[in-house]
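Working notes, beginning with the structure itself.
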Amino acid sequence: MTVVLVLLPLLACGQNRQAGQAGPEVPFWVTGPADSLLAERILAELAPHSAEPVPALMVRAGKALEGQPYVAGTLDETPGEQLRIYLTRTDCILFVETCLALARTAAQGGDFRTFANEVRQSRYRDGCVESYADRLHYTTEWGMQGEARGVLKNVTQELGGIKLDHPINYMSSHPDSYPLMDDVAAIREAEDRINSVPRYYIPKIRLGDALDGIRSGDIICLVTSVKGLDISHVMMAVVENGEVRLLHASTGPMKVVIDSRTLPEYLAARPSVTGIQVLRPQAFQR
């Protein structure tokens, strides 16, 4: 089935650095009719709960997206960097990013334009959408920018995390794996910035001590042993009956699910995962 896209030019980078600077008639995003309708439906469902904390709204949004198919590479389908917003097909980080943007939009009583701007400010360095290198390709940098904006807090260290010695350079070391990457030097600069900041993780063997501190809506990032790579998968915690379960876009059933396994069970089945990092969504500052 052919998907008809709303495709209009993005704003200049200088304008993109500010929230909602375009006139109301000028979309600065690319989406499909089914995606925008689904976003609007979820925002309507979240509206009566807008006073709830952002993490609770994220879980509501995530459950509303259950069953949506896992599809990798949706942001790289065509050359030319644009703010692409899809809900009817997603991957692990886009799923979490979408839930966060929906929750923050609901908390401020916003519409689809507000939601699109939340995605833009989350996905792109300083909200600038001009080039492939502007996108925050590494989950670590995505989290760092979220912290700088007051949107996220990295609680890994306070949950017992220890220093992580695992330099990031996968993209610049494997340029052939990223056909749209047209500025390796810019990607290497981003990697250098990430590597200049101390990072922490909770090793698998210390997970038990950290479980009681994990809350529903926390973003769980799986730290990988793959050389040069930071995070291999991103999920959302859902605490039920004292157990940490996982709401995520899964490569198993290839769709958004609440996993049947607990977090310890999920990690035990993945030898390449060395531990986790935990990002906590913060309250929307009015």
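I need every pair where a residue in the stretch 157-170 that is under 15 Å from Arg193 (Cα atoms) has its Cβ under 7 Å from the Cβ of a residue that is in a loop (DSSP other than H, G, I, E, B) and modelled with pLDDT of 95 or more, sequence separation at least 6 or different chains.
Ile168/Tyr138; Ile168/Asp230; Tyr170/Leu229
Of a type in the set (Val, Ile, Thr), in contact with a strand residue (DSSP E or B) (Cβ under 8 Å, 6 or more places away or on another chain) and assigned to a strand (DSSP E or B): which single residue out of Ile194, Ile202 fits that description?
When all the criteria are applied, what remains is Ile202.
Out of Asp259, Asp212, report the one residue that is farther than 30 Å from Arg125 by Cβ and in a helix (DSSP H, G or I). Give the derivation first.
Working: Asp259 fails: in a helix (DSSP H, G or I).
Every option except Asp212 fails the conditions.
Listed here are the residues, each with its yes/no results for (1) of a type in the set (Gly, Ala, Ser); (2) at pLDDT 95 or above; (3) over 30 Å from Ser131 (Cβ atoms).
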{"residue": "Ile162", "(1), (2), (3)": "no, yes, yes"}
{"residue": "Ser172", "(1), (2), (3)": "yes, yes, no"}
{"residue": "Leu211", "(1), (2), (3)": "no, yes, yes"}
{"residue": "Val226", "(1), (2), (3)": "no, yes, no"}
{"residue": "Leu229", "(1), (2), (3)": "no, yes, no"}
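Are there any pairs, at least 6 apart or on different chains, whose C-beta atoms fall under 7 Å, with the first in the stretch 249-272 and under 19 Å from Val226 (Cβ atoms) and in the same structural domain as Val226 (by TED's automatic domain parsing) and the second in a helix (DSSP H, G or I) and hydrophobic (A, V, I, L, M, F, W, C), and if so, which?
Close Cβ pairs satisfying both conditions: Leu267/Leu207.
Asp212 fails exactly one of the following numbered conditions: (1) surrounded by 17 or more Cβ atoms within 10 Å (Cβ to Cβ); (2) closer than 16 Å to Arg280 by Cβ. What is the number of that condition?
The failed condition is (1).
Could you tell me whether Val234 is closer than 21 Å to Ala72 by Cα, outside the structural domain of Ala56 (by TED's automatic domain parsing), crowded, with 19+ Cβ neighbours inside 10 Å and within 16 Å of the chain's Cα centre (by Cα)?
yes
Tally the residues that are free of Cβ contacts under 8 Å to residues at least 60 places away in the same chain and assigned to a loop (DSSP other than H, G, I, E, B), restricting the search to the stretch 215-230.
Number of matching residues: 3.
Could you tell me which numbered condition Leu263 fails, if it satisfies all but one of (1) of a type in the set (A, V, I, L, M); (2) closer than 23 Å to Glu141 by Cβ; (3) surrounded by 21 or more Cβ atoms within 10 Å (Cβ to Cβ)?
Of the numbered conditions (1) of a type in the set (A, V, I, L, M); (2) closer than 23 Å to Glu141 by Cβ; (3) surrounded by 21 or more Cβ atoms within 10 Å (Cβ to Cβ), the odd one out for Leu263 is (2).
In this structure, is Ile205 assigned by TED's automatic domain parsing to the domain that holds Met236, modelled with pLDDT of 95 or more and surrounded by fewer than 20 Cβ atoms within 10 Å (Cβ to Cβ)?
yes
Among the candidates Val234, Val257, which residue alone is over 22 Å from Asn154 (Cα atoms), among the aliphatic types (A, V, I, L, M) and modelled with pLDDT of 95 or more? If you could, list the steps in order and put the result at the bottom.
Values: Val234 fails: over 22 Å from Asn154 (Cα atoms).
None of the others qualify; the one that does is Val257.
The values are calculated or read from the model by the stated rules, or taken from the named source; none is laboratory data. What you see is a predicted model; the values in this text were computed from it and never measured. No Cβ is skipped: glycine too gets one built from the backbone with ideal geometry, and neighbour counts run over all protein chains shown.
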